[in-house]
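Rule-based calculations on the coordinates, nothing more; no lab input. What you are looking at is a predicted structure, and each value in this text was computed from that prediction instead of being measured. Cβ placement follows ideal geometry from the backbone for every residue including glycine, while neighbour counts extend to all protein chains displayed.
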Amino acid sequence: MIKRLDNLKIPAGKGEPELFELVRKKAGGRLGYFKILKKSLDARDKNNIFWLYSVAYSQHKEYDEKPPLEKLRNAPVVCVIGSGPAGLCCAVRLCERGYSPVIIERGKSVNERAEMVNRFFTGRELDENCNVQFGEGGAGTFSDGKLNTQTKDGYNRDVLEIFAKFGAPQEILYLNKPHIGSDRLRDVLVNIRAYIQNCGGRFLFGKIFCGFSADGGALKSVKFRDAWSGEEEELPVAAAVLAVGHSARDTFRMLADKGICMQPRDFAVGVRVEHIAKNINFAQYGESCKLLPAADYKLVSHAHERAVFTFCMCPGGVVVPAASEEGGVVVNGMSNFARDGVNSNSALMVQLSRADFGEGLFDGMNFQRRIEKLAFAAGGGTYRAPCQLFGDFLKNKVSQRFGEVEPTYAAGVTFAPLNETLPEVVVEALKTAVPDMGKKLKGFDSADTLFTGVESRFSSPVRIVRGEDRQSITVKNLYPCGEGSGYSGGITSSAADGIKTAEFIYNLHKNGANNH
């Protein structure tokens, strides 16, 4: 019989060997089965930091095998548009259900993509179809690979199991704040692609979704063109999953032109904030920081009328150039599995509403583009990013030299006044919120804290409206899904949305509801 133990405390600096020995003693000296269910860090008392575990165990051999999923015979063709977390996890579940999906991705496969992104980082050669936003793995490929989420979704566990199955560290299955790291995530993507191809699925890289045909209000085919030659093709499909990501601006316009029901959404904008990692570690853990992994943080301030919050925090990471359009500067954050970089960074975001940028469908998207172009100009017009020390930001003063924090933005930075790039309400909210956050995390509001702008791709500025059946309310068999469609945010919630969409497609076909 499998038993469970909770609230097992292991001191900082110790780990699984000590845990196993503790459980073995509680079990009477013999363990035939041992499984970590949860691991979290309790750092509320800096003088007594410890790991907190929940485990399952038995004195006898036990097995965790899951029964295989039921498969559909003679499954029809389903196209998945986009190979980010939502698209890939949707495709994996479709394969598990007997489908051989066709995945259309405007960017390149992950290794080719990494080469093109590196050329942009070092030589500022931007390709608008293959960059940090577009390509195999989506924007998450160049991130921290964080898998924690605030959503309580029964499919979140499925997401973790998929990533672990294809090469992510097994600890993501039990860590309270799991992450893969950008370096390890690339191998996971290669393994997922191989699995889908072994199931008969196909990847069409370098193809831009550019249209579709419908009959009687139901989707019949999708159209796509080569990202570089412009040659167009058409593929008959039973269903198409729209997992295009939050930056597919041309796709959003095409869908609107085709009459697909869409809505504008509120979002947030801000900057990337950088500190010395060891300072953040000490602020969070005290002297115990030497025994623990790089520290993260999550801060919210309501000192200003606009909520200000940190997002996508990257311990021991770097700030990356994330533009996808010529003439715009966008920043994001990335870290490897080890999280051992000199700096730690986070998005520092100010919540906006449609009253700030307009009620039109694409007013938010145009607003994002405007501040990206302003950042491009402020940086010198070469994809260098504008940056400013926080002490100077408070005074609307152009910085002259770096303090203790050196920038990690690979394409280079230019000292510039960010108050001329960001809207006044965002500037004032940041000036008010950062000192407030400094009360919660010592040193966060240091004068040497580095701001790099702009962080403008927090979420999709539009939503592709879908019904309870997860299909577009305009065209049946078209399934808006994931972050780009306005129904999730982050890797895990987007991937879970993809899995749920795959399950809905399977159940419809299984029950013959779509008459395919």
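Of note:
- Sites excluded, GluC sites (Glu not before Pro) in DSSP loops with at most 13 other C-beta within 10 Å, longest stretch of the chain: 126-230
- With the simple spin-label model, which puts each label point 7 Å out from Cα in the Cβ direction, the Glu128 to Glu16 separation comes to 4.8 nm.
- Scalar couplings 3J(HN,Hα) for segment 23-40, obtained by applying the Karplus form with A = 6.51, B = -1.76, C = 1.60 to θ = phi - 60°, are 5, 4, 5, 5, 7, x, x, 9, 10, x, 8, 8, 8, 7, 9, 7, 9, 9 Hz; x denotes Gly and Pro.
- Neighbour counting of Cβ atoms within 10 Å sorts the residues Ser472, Ser221, fewest neighbours leading, into Ser221, Ser472.
- Proximal charge balance of His304 [Cβ under 10 Å; K/R count +1, D/E count -1]: -1
- Neighbour counts of C-beta atoms inside 10 Å place Ile2, Ile10 in the sequence Ile2, Ile10, starting with the fewest.
- Vicinal HN-Hα couplings computed from phi for segment 368-384 (Karplus, 6.51 cos²θ - 1.76 cosθ + 1.60; Hz; Gly/Pro x): 4, 4, 4, 6, 5, 5, 5, 5, 4, 5, 5, x, x, x, 10, 6, 5
- Extension gain, Asp183 to Arg4: 0.36 nm times the residue separation minus the Cα-Cα distance gives 61.0 nm.
- Candidate lysines - alpha carbon under 22 Å from Lys373, same-chain residues fewer than 8 apart omitted: Lys397
- Straightening the chain between Leu394 and Ala256 buys 45.5 nm, computed as 0.36 nm per residue apart minus the Cα-Cα spacing.
- Checking (1) 24.1; (2) 24.8; (3) 27.3 against the coordinates, the calculated Kirkwood radius over Cα pairs in Å falls under label (1).
- A simple rule links phi to the HN-Hα coupling: the Karplus curve 6.51 cos²θ - 1.76 cosθ + 1.60 with θ = phi - 60°, which for segment 427-434 gives 4, 5, 5, 5, 4, 7, 6, 4 Hz, with x for Gly and Pro.
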